[in-house]
Each structure stands twice: as structure tokens, then as C-alpha cells.
Amino acid sequence: MSNDTIPVLLGMLHSRESALIDALEEFAVQHESSHGIHHVARDVARWSRDHDRRIAAVVDRRSVRLTGAHADADGQPAADHHTSALDVPGWTLILDLRDIHLRAAEISVDWELLAQAAQAGADHELLALASDCHPQTLRQMRWANAMIKEIS
């Protein structure tokens, strides 16, 4: 990987962390009556908010330009994966958790890619960023997965 990929990776991480924050906050509001889910989702969203702030700080120091829209890897707006056929009690919660898990999984891959690029370029700042943030992303995935198992 070349150093040209670092701005792209930072942009993808920023966009995906922002989209995960939105998804987690919406999830927390939708499941407000379940206090365990509501409060944990808010806590997990704070991790992504912190990641996003740290990414923005690195981007500012490096004068990298990021796009502001929440988009997937192809630049398309994130799609709503729910269908009315599956919109029955319980399924909505499971599909929301699945969406959160998949978003976190994409971010996990991006953290791995950033860590590899940083290691190759001996960029200690980016390596520290990835090393600090990636474990929390893995915890987000494990939380969503555990909730899917519990609810199923």
C-alpha cells in the first residue's frame, strides 16, 4: 500500500464511523423502552464519536480533505436493509443489530488497512490511532453479535 491510500482510508473511516454513530443513535431511540439496549447502544456510539474526533484531528494536522456525506465504499448512500416482509416483532431488532454488526465489521477492516499502511510507512501516529480504536470496534461487533444471539 502506498501513502496515497492513507487519505482514502481516513476518509472511509470518517464516513463509516459517522454512519455507525447515526445508526447506533437511531437504534438507541427506537429501543428506548429496553434500558439495557438503549444505554449500551449510546455508550457504544460514544466510542465511534471519539474515533471520529480523533480521525478528524489527524486529518486536520495532515490537511487531508474528507467528504462529508455518509456513503458506502462505492460512494452511494447507505441503504436501508429492512423489508416489510421481515418487519415482524423481534425481526426489526435483529435486523438493526445485524446492520450495526456489519457496519462495525467494515470499520474493523478499515482499521486493519490503516494499521498496515501506517506500519509500512513507519507512521507512528496513525499506528497508535488504529491500535487504540480498533479494539473498541471489535467490541462493538461482539456486542451486536451477542445481542443477536440473545434475542434469537
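The values are calculated or read from the model by the stated rules, or taken from the named source; none is laboratory data. The shown structure was predicted, so the numbers you read here are calculated from the model rather than taken from an experiment. So basically every Cβ, Gly included, is an ideal-geometry build from the backbone, and we count neighbours across all protein chains shown. The protein model used for the area step is the full one, side chains on, heavy atoms only, and it has no ligands, DNA or RNA in it. Shrake-Rupley method; radii C 1.70, N 1.55, O 1.52, S 1.80 Å.
Just checking, does segment 52-60 include any residue being farther than 13 Å from TRP111 by Cβ, assigned to a helix (DSSP H, G or I) and open to solvent by 50 Å² or more (accessible area, probe 1.4 Å)? Yes; the residues of segment 52-60 include at least one that is farther than 13 Å from TRP111 by Cβ, assigned to a helix (DSSP H, G or I) and open to solvent by 50 Å² or more (accessible area, probe 1.4 Å).
If the condition is being assigned to a helix (DSSP H, G or I), touching a residue at least 40 places away in the same chain (Cβ under 8 Å) and open to solvent by less than 50 Å² (accessible area, probe 1.4 Å), then segment 13-34 contributes LEU13, HIS14, SER15, ARG16, GLU17, SER18, ALA19, LEU20, ALA23, LEU24, PHE27. List every residue pair whose Cβ atoms lie under 8 Å apart, where the two residues are 6 or more positions apart in sequence or sit on different chains, the first residue falls within segment 114-138 and is over 19 Å from GLY11 (Cβ atoms), and the second residue, located anywhere, is polar (S, T, N, Q) and surrounded by fewer than 20 Cβ atoms within 10 Å (Cβ to Cβ). Final answer for the pair search is LEU138/SER108. Quick one: would you say LEU66 is at pLDDT below 95, surrounded by 15 or more Cβ atoms within 10 Å (Cβ to Cβ) and in a loop (DSSP other than H, G, I, E, B)? Answer is yes for this residue.
Yes or no, residue by residue, for (1) assigned to a helix (DSSP H, G or I); (2) more than 18 Å from ASP50 (Cα to Cα):
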{"site": "ILE94", "(1), (2)": "yes, yes"}
{"site": "ARG103", "(1), (2)": "yes, no"}
{"site": "LEU113", "(1), (2)": "yes, yes"}
{"site": "ALA117", "(1), (2)": "yes, yes"}
{"site": "ALA122", "(1), (2)": "no, yes"}
{"site": "LEU127", "(1), (2)": "yes, no"}
{"site": "GLN140", "(1), (2)": "yes, no"}
